[in-house]
Every structure is written in structure tokens, then in C-alpha cells.
Amino acid sequence: GPARPRPYAFTDTVSGDIGCVRQPTSRPWAEGSITDQPVCPNFGFACFDNFALAAFTCFSSITLDSWSETMWWAQDSLSSWAWIFFVALVVLVSFNIINLFVASMSNAYREVVSRRIEEERLQAVEKKRTERIIRRAVL
């Protein structure tokens, strides 16, 4: 058949944007709304056309926001080896960030508990001291 340009090879004639923005839906290839513009997921914001869109795509994949859909799109349009990038991104970055978040929350909780224990200990010492003063005053 005739060679078709890949969906990420596009220059907007109006704005000169090298990308696939301004799509009518978030999944035009699945909903049958074929346009002259290239087809990219997430209203055209899940692309690797320029640095800003690539950074946004990586960030949304790191947050595990429909990363598998982006991976499938990249496999269909770029290469069947694209899954290696996305799986490595999710495993190495996402799970480590989640572990850092959990560790910081655990550390903060531990600090709050230790402060509370210290406050309770100081209150107990103050209470004993007050009781001694009262006993001495009574005697």
C-alpha cells in the first residue's frame, strides 16, 4: 500500500507547531473521528514531538495516569520495542518515587509519635513535681 506518514511527523500550517495538538477527542483513533491532523492520545498531549510534550508525557506516565494507553500508542506508531521504555520508566521511576513518598510519611509519623511520647513524659514529670510540692506544703 501507499506509505503514510507516521502520526508524529506533522507540522501545523497555521501555527507552525510540530506536534499533534488540538484533537477533537482524547482517543480519536478509537472513536472513529479521523482528521487530517495526526492522531495522538489525550487530546494530542501524549506525544514525543517536542520537549515540552515529551516531558508532560513522561510525567503523566510516571504518575501512572493511563501509562499503558500511551505505551500502546507508542508501540503502534513508533516501534514494538517502545514497551521497554515505558516499563522501565514505571518500574524505576514511579515505584521509587512512591517508596520515597511512603518513607517520608513514615518518618514524619515517627517524629510525631516521638514528640508526643516526649510531651507525655514531661507532663508526667511535671505532675509528680507538682504532687511533691503539694505534699511538702501540706506537711
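Would you pick out the residues in the stretch 68-106 that are under 10 Å from the mean Cα position of the chain (by Cα) and either assigned by the TED database to the domain that holds Phe45 or free of Cβ contacts under 8 Å to residues at least 12 places away in the same chain (or both)? Write out each step before concluding.
Initial filter on the stretch 68-106 (under 10 Å from the mean Cα position of the chain (by Cα)): 90, 93-94, 97-98.
Within the stretch 68-106, Ile98 is the sole residue that qualifies.
Just one of (1) at pLDDT below 55; (2) out of contact with any helix residue (DSSP H, G or I) (no Cβ under 9 Å at 6 or more places or on another chain); (3) surrounded by fewer than 16 Cβ atoms within 10 Å (Cβ to Cβ) fails for Arg22. It is (2).
The values are calculated or read from the model by the stated rules, or taken from the named source; none is laboratory data. This one's a predicted model, so the numbers in the text were calculated from it and none came from an experiment. All Cβ positions, glycine included, derive from the backbone under ideal geometry; neighbour counts span all protein chains shown.
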